[in-house]
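For reference, the structure discussed in these notes is given below.
A short reminder: the numbers here are calculations on the coordinates, not readings from a lab. The model shown is predicted, which means the values in this text are computed figures rather than measured ones. As a convention, Cβ positions derive from the backbone with ideal geometry for all residues, glycine included, and neighbour counts pool all protein chains shown.
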Amino acid sequence: MFAVIKTGGKQYRVAADEVLKVARVKGELGEIVQFGEVLVVGGDATTLGAPTVSGASVAAEVLEQGRGAKVIAFKKRRRKNSRRRRGHRQEYTLVRITEILTDGAKPTKTARPKPEKKPKPAETAAAAGEDGDEAETSAPKAKAKSKAKAKAPKGKAKK
């Protein structure tokens, strides 16, 4: 089964379990979002909307919120000493299509629980107590030795 949805001024042909990069949509990581503007629902029988299919929607899980690569708009008017440089980064949402719904059905899949943040290695060493302190004191001594070697004169001195 497939559907054609409209979001962010563009149209996308989607199927279940597809990963899609669309214009920014409100939603947090792991949350389920619904696209209500469904233009076509296909499969065994194709249903065309006029302009949208009533009661149809597409559910998707938000995988990532991000910004695209920078695009530079550079304008130059020759012999006029006039230049303009402007950059732009388009915001996007990476979504995985979970299901295509018809007849006003609600999404059956729920949002996944947020993963717990793992503590950074420096935080765990400090929490351990003395082990973290010993590691910090030994590092400056190694740096001091390398600086002494670097300042040693090379070759013969000029007279």
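Below are the figures for this structure:
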read-out: Förster radius 22 Å - calculated FRET efficiency between residue 71 and residue 110, Cβ distance, rounded to 0.05; value: 0.05
read-out: Residues with amide H under 5 Å from that of residue 99, placed H, sequence gap 5 or more; value: 59
read-out: Efficiency of FRET between residue 120 and residue 54 - r from beta-carbon atoms, R0 35 angstrom, step 0.05; value: 0.10
read-out: Rg to Rh quotient for region 2-101, alpha carbon positions, Kirkwood Rh; value: 1.19
read-out: Placed amide H near residue 37: partners under 5 Å, 5+ positions off or other chain; value: 6
read-out: Phi-based couplings in Hz for region 53-61 (Karplus 6.51, -1.76, 1.60; Gly and Pro marked x); value: 7, 6, x, 9, 8, 10, 9, 9, 9
